[in-house]
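So the structure is just underneath, and the comments pick up after that.
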Amino acid sequence: MTTQTHPIDHELVQAAAHVARTRCRGDNHTMAAAARARDGRIVTAVNAYHFTGGPCAELVLVGAAAAQGIYELDTIVAVGDRDRGVVPPCGRCRQVLLDYFPAVKVIVGDQDGVRTALISELLPAGYVWADHQLDVE
């Protein structure tokens, strides 16, 4: 697999960081996500933590985007509250993002700062749900 270099959407990181700073309160909302739609619009969301495993910010964002008529995302990022910075998506979010938006770019943090990767690079040899659906006639 060849890893391509993608530019970092700093405006998107700032949007998620702003939401994390201003909207995440207490233990119920600890992560914020921001995504850029193919048409340039930015949509944001926060997680809904619950002891039963409430949805991550990225998953809430998928629903919020659909509610706004956004079905194509170009880039997504998650940022933790309390200045934790960019946080990579968990395994469940990686799988959902791959299924919904197989070409989406994800901004992730690492020891050298942040980078942008295709979702398929974050979930190599992933199970693509659409590839295993039977065509019903």
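One table, with the values for the structure above:
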{"item": "Some residue of region 116-123 being in contact (Cβ under 8 Å) with a residue 40 or more places away in the chain, of a type in the set (A, V, I, L, M) and either over 19 Å from ALA57 (Cβ atoms) or open to solvent by less than 100 Å² (accessible area, probe 1.4 Å) (or both)", "result": "yes"}
{"item": "Test for ARG21: is it charged (D, E, K, R), farther than 15 Å from THR116 by Cα and in contact (Cβ under 8 Å) with a residue 60 or more places away in the chain", "result": "yes"}
{"item": "Condition check for GLY113: at pLDDT below 95 and either surrounded by fewer than 16 Cβ atoms within 10 Å (Cβ to Cβ) or out of contact with any Lys or Arg (no Cβ under 9 Å at 6 or more places or on another chain) (or both)", "result": "yes"}
{"item": "Where a residue in region 48-70 is at pLDDT 95 or above and its partner, wherever it lies, is among the acidic types (Asp, Glu), with Cβ under 8 Å and at least six apart", "result": "ILE70/ASP39"}
{"item": "Cross-chain or 6+ apart pairs with Cβ under 6 Å, region 73-86 first and surrounded by fewer than 20 Cβ atoms within 10 Å (Cβ to Cβ), then assigned to a strand (DSSP E or B) and modelled with pLDDT of 95 or more", "result": "ASP74/ARG36; GLY80/MET31"}
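The values are calculated or read from the model by the stated rules, or taken from the named source; none is laboratory data. If you're wondering where the values come from, they're calculated on a predicted model, not measured in any experiment. We place every Cβ from the backbone using ideal geometry, glycine too, and count neighbours over all the protein chains shown. Heads up: the accessible areas ignore ligands, DNA and RNA and are worked out on the full protein's heavy atoms, side chains in. Shrake-Rupley method; radii C 1.70, N 1.55, O 1.52, S 1.80 Å.
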